Amino acid sequence: MVRGLRSWREGDAVAVLAAFSAPEMSRQSDVPVDSGEGALRWIALREEEERAGTAYAFAVVDEDDVALGNVAVGAVNHVHGTGWVSYWTAPSARGRGVATYGCDALARWAFRELGLFRLELGHRINNPASCRVARTAGFVAEGVQRQKLAYEGVRHDVELHARLASDWHTRVSRSY
């Protein structure tokens, strides 16, 4: 069961390393996370981004305060009130509503605490699980960005979703 969001901390390095042991997770990091040192560097980078005001990342934790996944808002633009949402879930926590809860809670936080108005996220169109997360967390599909991403030499279309501070579901309490 998901308890909430909190800042990442050094004690989460084991959970971060376990999450990044899944092969597809390598694309979710700007640094290699293949050792305890790499996991600590990943956590330190999240702290640096927050201090710089460019991105805000949170661990999605269970009732025992164990990190199950990550949600973040980056590319924060205060002039336009926008941000880009990203998320991942540890393989052991997938299919339990962790990412959906995290994206919804992050959106509410970003609207309230950062004063943002529009949050965007994107997923490969061949990733129906990410699409379900986006839709269930209140992000409306807006269109396809053709061949936006390239992984291992293969181009992928990306479906763009957005959630606005004025959307009806932003004002309604949700449960997961």
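Quick note: the coordinates plus some simple rules give every number you see, no bench work behind them. All values derive from a computational prediction rather than experimental measurement. Quick reminder, even Gly has a Cβ in these numbers, built from the backbone with ideal geometry, and neighbours come from all protein chains shown.
What to note about this one:
- Residue under evaluation residue 28, criteria (1) under 13 Å from the mean Cα position of the chain (by Cα); (2) surrounded by fewer than 20 Cβ atoms within 10 Å (Cβ to Cβ); (3) free of Cβ contacts under 8 Å to residues at least 40 places away in the same chain, criterion not met: (3)
Rundown of residues vs (1) of a type in the set (Val, Ile, Thr); (2) farther than 25 Å from residue 100 by Cβ; (3) touching a Lys or Arg at 6+ places or on another chain (Cβ under 9 Å), yes/no style:
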position: 10; (1), (2), (3): no, yes, no
position: 16; (1), (2), (3): yes, no, no
position: 24; (1), (2), (3): no, no, no
position: 42; (1), (2), (3): no, no, no
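- Region 110-146, residues that are of a type in the set (Val, Ile, Thr) and either within 18 Å of residue 81 (Cα to Cα) or assigned to a loop (DSSP other than H, G, I, E, B) (or both): 125, 140
- Among (1) on the phi > 0 side of the Ramachandran plot; (2) in contact with a Phe, Trp or Tyr (Cβ under 6 Å, 6 or more places away or on another chain) - the single one residue 53 does not satisfy: (2)
- Breaking point among (1) surrounded by fewer than 18 Cβ atoms within 10 Å (Cβ to Cβ); (2) more than 13 Å from the chain's Cα centre (by Cα); (3) touching a residue at least 12 places away in the same chain (Cβ under 8 Å), for residue 76: (1)
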